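These notes are about the structure you will find just below.
The values are calculated or read from the model by the stated rules, or taken from the named source; none is laboratory data. Note that this is a predicted model, so its numbers are computed, not measured. In this analysis, Cβ positions are derived from the backbone assuming ideal geometry, glycine residues included, and neighbour counts consider all displayed protein chains.
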Amino acid sequence: MAPQHIVANSTMQGRLDKVLAQHLTDISRSQIKNWIDQGLITVNHQQVKAKYNLLVGDQIEITPPQPKTIDLTPEAMDLDIVYEDDDVIVVNKPQGMVVHPSAGHPNHTLVNGLLYHSPLSTINGEFRPGIVHRIDKDTSGLLMVAKNDHAHQSLAAQLKAKTNEREYLALVHGVIKEDEGKIDAPIGRSLKDWKQQAVVANGKSAVTHFKVLKRYQHYTLISCHLETGRTHQIRVHMKYINHPLAGDPLYGPRKTLPGNGQYLHARTLGFVHPTTGKLMRFSAPLPDWFEKIIQYLDRTDAVQ
């Protein structure tokens, strides 16, 4: 992992280890202190103590230690496979499952389960075999997976050409007045928090289309169609127009609906089959955790 730079601003003042613990939520405060003590975290290119008081304009440099070796082991899992043939697998990923291994999630990922089930393409490297596109850990729904390199090349080309279909259901804060809209705003690494993406001038092109499905007093249920597939795209774009996703721990407000993450579900997936050329289209119903919150809002937050 390359060094990450954070420039302190008015929202990042205070004791160094406390500030970092608020922003590096997947790293414990004791681990952060250990990194500071080892000199892996510096301020203004100088080694400091954990109790150092950050000032406006201080530059923090984080150089995480080299991750431990990851062994990609096939694991038996009860996968929700919607469709499968010799070329592709369409799988309905549950909320809470990471798509592929990483330093923070070395096993129990979707890829571990898929490898136990079937051979996968090799194009995307050792730790992302078969993965043409991904969805976040706490986003549920449909993914297309390539079982061989030919299929992978075809599906990846469709993503690049924006010819495949990807539709999501999202529950957002606030009442969206427009019945539908288009968000065309570039996305890149946030200048304030390196864990987040944001709309930035020098970001990569990102386009999201949305349509209102139902309005509540304090929330709106929408469908989103993606033209592009940037990291956290829907989550970032909806925050950008001041309608962050309900339950989103990274981009949403603290006072939100209960749950284990953002209310976002990849409902529809369409692509041209790599071998037959046939148009394939699949859908996955809302999972129970999402359906229950909709029923709750129908009872408690319906428009009078």
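Take the residues of segment 62-88 that are at pLDDT below 85 and loosely packed, with under 13 Cβ neighbours inside 10 Å: which is nearest to L269 (Cα to Cα)?
D71
Would it be correct to say that P106 is assigned to a loop (DSSP other than H, G, I, E, B) and in contact with a Phe, Trp or Tyr (Cβ under 7 Å, 6 or more places away or on another chain)? Quick ask: steps written out before the conclusion?
Details: assigned to a loop (DSSP other than H, G, I, E, B): yes; in contact with a Phe, Trp or Tyr (Cβ under 7 Å, 6 or more places away or on another chain): no.
No.
Can you name the residue in segment 183-200 that is at pLDDT 90 or above and part of a loop (DSSP other than H, G, I, E, B) and, of all such residues, is nearest to V19 (Cα to Cα)?
Step one: list which residues in segment 183-200 are at pLDDT 90 or above, which gives 183-188, 197-200.
Then keep just the ones that are part of a loop (DSSP other than H, G, I, E, B); that gives 185-186, 200.
Numbers: A185: 29, P186: 28, V200: 23 Å.
So, considering only residues that are at pLDDT 90 or above and part of a loop (DSSP other than H, G, I, E, B), the one nearest to V19 (Cα to Cα) is V200.
Any residue that is over 20 Å from the mean Cα position of the chain (by Cα) and farther than 30 Å from K195 by Cα - is there at least one of those in segment 122-139?
No; the residues of segment 122-139 include none that is over 20 Å from the mean Cα position of the chain (by Cα) and farther than 30 Å from K195 by Cα.
I want to confirm something. Restricting to segment 273-304 and keeping residues that are among the β-branched types (V, I, T) and surrounded by fewer than 16 Cβ atoms within 10 Å (Cβ to Cβ), which single residue is modelled with the lowest pLDDT? Walk me through it before giving the result.
Initially, segment 273-304 is screened for residues among the β-branched types (V, I, T), giving 275-276, 293-294, 300, 303.
Restricting the remaining residues to those that are surrounded by fewer than 16 Cβ atoms within 10 Å (Cβ to Cβ) gives 275-276, 300, 303.
Numbers: T275: 96, T276: 97, T300: 96, V303: 92.
Taking the candidates together, the pick is V303.
Within segment 215-226, identify whether any single residue is exposed (fewer than 15 other Cβ atoms within 10 Å of the Cβ), in the same structural domain as R267 (by TED's automatic domain parsing) and modelled with pLDDT of 95 or more, and answer yes or no.
So in segment 215-226, the residues exposed (fewer than 15 other Cβ atoms within 10 Å of the Cβ) come out as 217-218.
From what's left, in the same structural domain as R267 (by TED's automatic domain parsing): 217-218.
Narrowing further to those that are modelled with pLDDT of 95 or more: 217-218.
Yes, segment 215-226 has at least one match.
Return the residues of segment 261-294 that are without any contact (Cβ under 8 Å) to a residue 60 or more places away in the chain and part of a helix (DSSP H, G or I); say none if nothing qualifies.
Just the residues of segment 261-294 that are without any contact (Cβ under 8 Å) to a residue 60 or more places away in the chain, to begin with: 276-279, 285, 288, 291-292.
If the condition is that a residue be without any contact (Cβ under 8 Å) to a residue 60 or more places away in the chain and part of a helix (DSSP H, G or I), then D288, E291, K292 are the ones that fit.
Can you tell me which residue among N107, N164 is surrounded by 18 or more Cβ atoms within 10 Å (Cβ to Cβ) and either modelled with pLDDT of 90 or more or at negative phi (or both)?
On the way: N107 fails: surrounded by 18 or more Cβ atoms within 10 Å (Cβ to Cβ).
Answer to the selection: N164.
Of all residues being surrounded by 14 or more Cβ atoms within 10 Å (Cβ to Cβ) and small (G, A, S) in segment 20-61, which is modelled with the highest pLDDT? Just the residue, please.
Step by step, filter segment 20-61, then rank; the result is A50.
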